[in-house]
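The values are calculated or read from the model by the stated rules, or taken from the named source; none is laboratory data. Keep in mind that this is a model prediction, so the values were computed, not measured. A quick note on method: Cβ atoms are made from the backbone with ideal geometry, for glycine too, and the neighbour counts reach across all protein chains shown.
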Amino acid sequence: MASSSHPKVAIVILNWNGSSYLRQFLPSVLATTYPNLEIIVADNASTDDSVAFLQQTHPSVRVFTGTENLGFAKGYNFFLQQVEADYFILLNSDVEVTPGWVEPVIALMEGNPAIAACQPKIHSFNKRDEFEYAGASGGWIDALGYPFSRGRLFDTLEKDEGQYNDAVPVFWASGAALFIRSIRFHEAGGFDPYFFAHQEEIDLCWRLQRMGHQIYVCPKSIVYHVGGGTLPAGSERKVYLNFRNNLIMMTKNSVTRELFWKIPLRFMLDGLSAWKQLLHGQPFYWKAVFMAHISYFIWLFRIGRKAVVPYQPLQGYYRGSIVVQYFLKRRMIFSEIVRTK
């Protein structure tokens, strides 16, 4: 019987045609030592043998099955309604966890009730001494809505030499390995289902901060992430979702007076990026950005936004522009831009 002195934790792996990843990485998850734990695979209508594999080889794993691919955002919203736990851990199927990875995060969150969500330190699975793109050692955001991390600016990934080993407040926690209090997930309304996938966790963390909660990173916990398992880097769909969702996220969460200058400036910068990629022989990128802008206006006129009341200063928020810092001033690592000590 699991220890009742420990809060109930549910690891929920959203899976879509990830049979090969489940075979490779689920054993590390099953070796998790936290005493009051349930492991769930929520299958998003896979067409491979994921469900059969789980039923035949891992009967201890609880399996939920859907009838259609709902994407990351809507999929988790749907499946987490069926999970009873104090904490959810939303874990990508392409993540290898390490011994004792749950305990320090839960201890940190139990010791600080203001923390709504937290992430471990995320290393690259293929370059194990480097940070990984999707979160590194905690996510930040700049004034124009560009997300970056302690250990990752754009495509520059730092080697982990212990420089970001402090457990601190950040702006967003990675959806690759997201620890979140179940009550806070539901209070915030979960992920925005319109996003489908990409940046929905940043939007959720932004809303949680506006509600008065904190987001943290806990570097005592380390996981290794492959990345790009469902939508590979450089795919047209991935580019489209990133640009569209980022604009929607900014519009939803910024005060109105800021949008009058931020959105036009973002359109200009997005356009420059699109034309640069077109000149480098990647027409799909230009098309994806163009379609993202069209879809943004469709969202704006169909769904719109509610007025946002400014809250206390956001943590993990850089008031400058990382585009200027990175591309013009050539400051390419986090500590050259943000000095936190």
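Remarks
- Candidate set from region 127-163 (those that are of a type in the set (Ser, Thr, Tyr) and assigned to a loop (DSSP other than H, G, I, E, B)); member that is nearest to Ile248 (Cα to Cα): Tyr146
- Filter result for Trp140 (touching an Asp or Glu at 6+ places or on another chain (Cβ under 9 Å), under 23 Å from Met211 (Cβ atoms) and touching a residue at least 40 places away in the same chain (Cβ under 8 Å)): no
- Taken together, the criteria place Glu38 among residues that are closer than 23 Å to Ala117 by Cα and either touching a residue at least 12 places away in the same chain (Cβ under 8 Å) or not assigned by TED's automatic domain parsing to the domain that holds Gln119 (or both).
- Residues in region 48-103 that are aromatic (Phe, Trp, Tyr) and either within 19 Å of the chain's Cα centre (by Cα) or at pLDDT below 95 (or both): Phe72, Tyr76, Phe78, Phe79, Tyr87, Phe88, Trp101.
- Looking across region 19-69, just one residue is in contact with a Leu (Cβ under 9 Å, 6 or more places away or on another chain) and among the charged types (D, E, K, R), and that is Asp43.
- Pair list, Cβ < 9 Å and 6+ apart or interchain, from region 190-219 residues that are part of a helix (DSSP H, G or I) to residues that are acidic (Asp, Glu) and surrounded by fewer than 22 Cβ atoms within 10 Å (Cβ to Cβ): Glu200/Asp192; Asp203/Asp192; Leu204/Asp192; Arg207/Asp192; Leu208/Glu187
- Put simply, of Asn17, Asn36 the only residue that is surrounded by 15 or more Cβ atoms within 10 Å (Cβ to Cβ) and over 21 Å from Phe88 (Cα atoms) is Asn17.
- The set of residues in region 1-44 that are closer than 15 Å to Phe79 by Cα and either among the acidic types (Asp, Glu) or out of contact with any helix residue (DSSP H, G or I) (no Cβ under 9 Å at 6 or more places or on another chain) (or both) comprises Glu38, Asp43.
- Of all residues in region 277-307 being exposed (fewer than 11 other Cβ atoms within 10 Å of the Cβ) and among the aromatic types (Phe, Trp, Tyr), the one that is farthest from Asn242 (Cα to Cα): Phe301
- Just one of the numbered conditions (1) at pLDDT 90 or above; (2) surrounded by fewer than 18 Cβ atoms within 10 Å (Cβ to Cβ) is not true of Gly228: (1).
- Any hit, region 81-95, residues being among the β-branched types (Val, Ile, Thr), in the same structural domain as Phe191 (by TED's automatic domain parsing) and under 18 Å from Glu200 (Cα atoms): yes
- Given (1) in contact with a helix residue (DSSP H, G or I) (Cβ under 7 Å, 6 or more places away or on another chain); (2) charged (D, E, K, R); (3) more than 19 Å from Gln315 (Cβ to Cβ), index of the condition Asp142 fails: (3)
- Filtering region 2-17 to residues that are part of a loop (DSSP other than H, G, I, E, B) and at pLDDT 95 or above leaves His6, Pro7, Lys8, Trp16, Asn17.
- Single residue of Ile294, Ile303 found to be modelled with pLDDT under 95 and either under 24 Å from the mean Cα position of the chain (by Cα) or outside the structural domain of His213 (by TED's automatic domain parsing) (or both): Ile303
- In this structure, Leu247 does satisfy being among the hydrophobic types (A, V, I, L, M, F, W, C), buried (at least 20 other Cβ atoms within 10 Å of the Cβ) and either closer than 26 Å to Ala116 by Cα or over 22 Å from the mean Cα position of the chain (by Cα) (or both).
- Residue match in region 237-255 (condition: over 24 Å from Ala134 (Cα atoms), out of contact with any Leu (no Cβ under 8 Å at 6 or more places or on another chain) and of a type outside the set (Lys, Arg)): yes
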